[in-house]
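None of the figures in this text is laboratory data; all of them are computed from the coordinates on show. All of these numbers come straight from a predicted model, not from anything done at the bench. Note that we place each Cβ from the backbone using ideal geometry, even for glycine, and neighbour counts take in every protein chain shown.
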Amino acid sequence: MAVLHGAAITLLAKYAVYHPTDQTLVVSLALAVLVGAAALWSALDAWRGLPDRGKVWFISALIAGPVAGVLYVVGRAVFVDQTGVSELGGALTGGAAFSALLVLIPAGLGLFVGGRVGGRAQPPSEEPRA
């Protein structure tokens, strides 16, 4: 998820360089892809019944935030505008928090929905003996 977030933010920065006034649709589509990826992936985890999936997604969100921030600064420095280390502070605070929430909230929704939709087959209950 961190790589997906870092790549999306870097692509949005690259797009903003060439189209500074026409960003609304592209930003909306990028957010939809990021939210959809987290929700679908977590729903599949819940549907498959993986153990400790809530804890795994919580830790994933905590890790994805700072890693996506670092990847954004590196990607922007390499592909967009030679951004320096001075951007790292903002990326590791506000940007990391936003990325973590952008993973955590859709993942929670996906875990909720995935656990209820298309549930696993329940083992047959034993019939009482007469």
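Odds and ends about this structure:
- Among Ala32, Val73, Leu11 the positive-end extreme of the charge dipole of the chain (Cβ point charges): Ala32
- The chain: angle of helix 53-76 to the longest principal axis, Cα-based, in degrees nearest 10: 10 degrees
- Pairwise centroid distance, computed over Cα atoms, of region 56-90 with region 1-34, Å: 14 Å
- Semi-axes of the equivalent ellipsoid for region 29-68, computed as √(5λ) from the eigenvalues of its C-alpha gyration tensor and ordered from largest down, come to 19, 15, 5 Å.
- Rounded to the nearest Hz, the phi-derived 3J(HN,Hα) couplings of region 37-44 under the Karplus curve 6.51 cos²θ - 1.76 cosθ + 1.60 (θ = phi - 60°) are 5, 5, 5, 5, 5, 6, 5, 5, where x marks glycine and proline.
- Within the listed set Ala68, Ala43, Ala77, the residue fluctuating most in the Gaussian network model of the chain (springs between alpha-carbon atoms under 10 angstrom) is Ala77.
- Entry note: region 3-49 has Rg to Rh equal to 1.15, where both radii use alpha-carbon atoms and Rh is the Kirkwood radius.
- Reference-scaled alpha-carbon Rg (2.2 N^0.38 Å with N residues) for the chain: 1.38
- Report summary: the helix-based calculation at 222 nm, which adds -39500 (n - 2.57) for every DSSP H run with n ≥ 4 and divides by the residues of the chain, gives -23500 deg cm²/dmol.
- Basic side chains Lys and Arg get +1 at the Cβ, acidic Asp and Glu get -1 at the Cβ, and with that the dipole of region 1-108 about its Cα centre reaches some 220 debye.
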